[in-house]
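Inspection log for the structure reproduced underneath, given as structure tokens.
The values are calculated or read from the model by the stated rules, or taken from the named source; none is laboratory data. Since the structure is predicted, the reported quantities are computational estimates derived from the model, not experimental observations. Backbone-built Cβ (ideal geometry, glycine too); neighbour counts: all protein chains shown.
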Amino acid sequence: MHRIVGCMERNRKRRSTIGLPASAGNLLDWHPHVHLLVSWGLFRRDGSFIPVEGTPDPETVAQLFRHKVLRMLLDEGAIEETVVQNLLAWPHTGFGTHVSRAIPVDETTPGVVARYIARPPITPERMLGEANQDQIICGSDAVHPRRQASFRVIDPLDFLAEMSAHIPDAHEKTCGS
């Protein structure tokens, strides 16, 4: 990951990227992915920012990122060429992007962005229903594509088992913690 995410120095200017791995989707399902915050421009050593004109096409960004990730995994021996070909044949590659021109600048923005990119697998706000019930209801603000619902009812023991899948082993990270 350190080869993809970081600061790259070019002629005393830096492009900044923050990346945090995450393991859960909206309804606690196993969904490994990375939240990236990338500057669309360069920072000078004095802290001033040089913006890049125009907004990149999200599909082009996703394809470039997919290529870089798969190349890195191949180079490090983590996967083989047959796995790459298999992944490239999938209709939904798993390499999606959201590209917006700018993040609004106000007092709340840094906290909102930080909470989003480093969010835990589940938060109290996503747990619906009454306490001391025989089931746990996880909610989402969007309809889950596979489950076709914006909520999920889980038995408490199954909930604990699924939560434990997001707890990393010693000296490992599976989310932005």
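Taken together, the residues in segment 26-63 that are surrounded by 13 or more Cβ atoms within 10 Å (Cβ to Cβ), touching a strand residue (DSSP E or B) at 6+ places or on another chain (Cβ under 7 Å) and β-branched (Val, Ile, Thr) amount to 2.
Considering segment 111-129, and only residues there that are exposed (fewer than 12 other Cβ atoms within 10 Å of the Cβ) and among the charged types (D, E, K, R), the residue that is modelled with the highest pLDDT turns out to be 125.
Of the strands (runs of 3 or more DSSP E) lying entirely inside segment 20-64, the ones with 2 or more residues being over 25 Å from residue 143 (Cα atoms) are found at 41-44, 49-51. Looking only at residues of segment 67-87 that are part of a helix (DSSP H, G or I) and among the β-branched types (Val, Ile, Thr), we find that the one that is modelled with the highest pLDDT is 82. If the condition is being in a strand (DSSP E or B), loosely packed, with under 14 Cβ neighbours inside 10 Å and either at pLDDT 90 or above or of a type outside the set (Val, Ile, Thr) (or both), then segment 131-152 contributes 141, 142, 149. Could you tell me whether any residue of segment 55-70 is over 14 Å from residue 95 (Cα atoms) and either hydrophobic (A, V, I, L, M, F, W, C) or without any contact (Cβ under 8 Å) to a residue 12 or more places away in the chain (or both)? No, segment 55-70 has no match at all. Among the residues of segment 1-19, just one is modelled with pLDDT of 50 or more, of a type in the set (D, E, K, R) and part of a loop (DSSP other than H, G, I, E, B), namely 12.
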